[in-house]
Amino acid sequence: MRLYAIDSWDNERFYVKTKGRVITSRQFVHNRGVKICGVGNWKEEFVVLDVTFGHTDRRLDLWFESSLNEHANNESWGFSDV
C-alpha cells in the first residue's frame with residue numbers, strides 16, 4: 001500500500017488495524033518529503049507500507065486511522081495500491 005501524508009503532520013501517526021489490533025503504524029512530520037499538493041509550504045511524504053500478518057478468517061476488515069488533530073485542509077492522508 002502506498003500512503004501519502006499531506007501537509008502539516010507534526011509527529012502524528014497513521015495506523016492500519018484489523019480486529020481492533022494495530023498491525024502497523026508510521027509517524028510523520030511536515031519537514032520531510034517534497035511539496036506536491038495541499039496548502040501552504042508544507043511538504044508531502046509518501047511511503048510504501050508492506051505488511052504481513054497471519055489471517056485465517058474468510059473475511060478481512062482493515063481499518064485505516066490517524067492521530068491527526070486538525071482540519072483536513074491542514075493535515076490529511078490518502079492511499080493507493082492496496
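No value in this document is a laboratory result; all are computed from the given coordinates. No experiment lies behind these values; they were computed from the predicted model shown. Note: ideal-geometry Cβ built from the backbone for every residue, glycine included; neighbour counts use all protein chains shown.
Explain nothing, just the number: dipole magnitude of the chain about its Cα centre with +1 on each Lys and Arg Cβ and -1 on each Asp and Glu Cβ, in debye rounded to the nearest 20.
Approximately 300 debye in magnitude.
Segment 1-26 to segment 53-77: how many Å between their Cα centroids?
Using only Cα atoms to place each centre, the spacing works out to 6 Å.
Mind listing the long-range amide H neighbours of Glu12? Cut-off is under 5 Å, sequence gap 5 or more, other chains count too, H placed in the peptide plane at 1.01 Å from N.
Placed amide hydrogens put Phe28 under 5 Å from Glu12.
Ratio of alpha-carbon Rg to the 2.2 N^0.38 Å globular estimate for segment 2-71, to two decimals, please. Numbers along the way, then the final one.
On the way: Rg = 14.0 Å, N = 70, 2.2 N^0.38 = 11.1 Å.
Scaled against compact globular proteins, the figure is 1.27.
Given a cut-off of 17 Å, what percent of all Cα-Cα pairs of segment 39-82 lie beyond it?
52 percent
Can you list the aspartates and glutamates whose alpha carbon is less than 13 Å from that of Lys43, not counting same-chain residues fewer than 8 positions off?
Within the straight-line limit of under 13 Å, Lys43 reaches these aspartates and glutamates: Asp7, Asp10, Glu75.
Put a dot 7 Å past each Cα toward the Cβ at Asn31 and Arg2; how far apart are the dots in nm?
For Arg2 paired with Asn31, the spin-label model returns 2.8 nm.
Which listed residue (Gly20, Asn41, Thr52) has the Cα farthest towards the positive end of the charge dipole for segment 2-71, taking +1 on Lys and Arg C-beta and -1 on Asp and Glu C-beta about the Cα centre?
Value: Thr52.
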